Amino acid sequence: MSTVKKLIYWLPAGIFAVCVFYLSSISNPPGVRLLQFIPNSDKLAHMTEYFILSSLIFFALARGHNIKTNKAIIIAILLTAAYAITDEYHQSFTPGRSMDVLDWAADTAGAIIVSTRYEVQSTKLKRKKLSKGVNIKP
């Protein structure tokens, strides 16, 4: 696959990462007040945000680089967790915001949840193919 095509697969993840970076630089991001009545809603927002980012990274790895599911899952989790650390650090320079290890944990949990979903989906697909007698590459 050409370098340009690989970059195209990374484009959604890159755009989303830029959006996360932008939101981290705002003292009062949009939507925060709407969720204030829900306990720990900020953690839910972090999980959702990084659930999406990890999905986009997984897609880029699996489709753009043809990396097997298990390996793409591990790399996606590691890249997402690493980006979350840099995002928390960046956020510490924003007035009214701070670096929080629990936010990082919620970010990483979002990546792990989506990765678990991909693993379960992949396993179900393999079982379905095996039951139909389709030969699966190791």
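Can you spot a residue in the range 118-127 that is in a helix (DSSP H, G or I), without any contact (Cβ under 8 Å) to a residue 60 or more places away in the chain and crowded, with 18+ Cβ neighbours inside 10 Å?
no
State yes or no: is Ser54 closer than 19 Å to Ala13 by Cβ, small (Gly, Ala, Ser) and at pLDDT 95 or above? Steps first, please.
Values: closer than 19 Å to Ala13 by Cβ: yes; small (Gly, Ala, Ser): yes; at pLDDT 95 or above: yes.
Yes, satisfied.
Residues in the range 72-92 that are among the small types (Gly, Ala, Ser) and either surrounded by 15 or more Cβ atoms within 10 Å (Cβ to Cβ) or outside any helix (DSSP H, G or I) (or both): Ala72, Ala76, Ala81, Ala84, Ser92.
The residue that is farthest from Leu56 (Cα to Cα), among those in the range 93-116 that are of a type outside the set (D, E, K, R), in a loop (DSSP other than H, G, I, E, B) and touching an Asp or Glu at 6+ places or on another chain (Cβ under 9 Å), is Ser98.
Quick check, is Ser98 among the hydroxyl-bearing types (Ser, Thr, Tyr) and either surrounded by 14 or more Cβ atoms within 10 Å (Cβ to Cβ) or touching a Pro at 6+ places or on another chain (Cβ under 7 Å) (or both)? Break it down stepwise before answering.
On the way: among the hydroxyl-bearing types (Ser, Thr, Tyr): yes; either surrounded by 14 or more Cβ atoms within 10 Å (Cβ to Cβ) or touching a Pro at 6+ places or on another chain (Cβ under 7 Å) (or both): no.
Criteria not met by Ser98.
As a summary of the residue check, Asn66 satisfies the conditions (1) closer than 14 Å to Thr116 by Cα; (2) surrounded by fewer than 20 Cβ atoms within 10 Å (Cβ to Cβ); (3) touching a residue at least 60 places away in the same chain (Cβ under 8 Å) except for the one numbered (1). Cβ separations smaller than 9 Å between residues 6+ apart or across chains give the following pairs from the range 72-85 residues that are farther than 17 Å from Ala106 by Cβ to residues that are among the aromatic types (Phe, Trp, Tyr) and surrounded by 18 or more Cβ atoms within 10 Å (Cβ to Cβ): Ala72/Phe58; Ala72/Tyr118; Ile73/Phe58; Ile73/Tyr118; Ile75/Phe58.
The values are calculated or read from the model by the stated rules, or taken from the named source; none is laboratory data. From a predicted model like this one, the values you see are computed outputs, not experimental measurements. Counting neighbours? That spans all protein chains shown, and the Cβs are built from the backbone with ideal geometry, glycine included.
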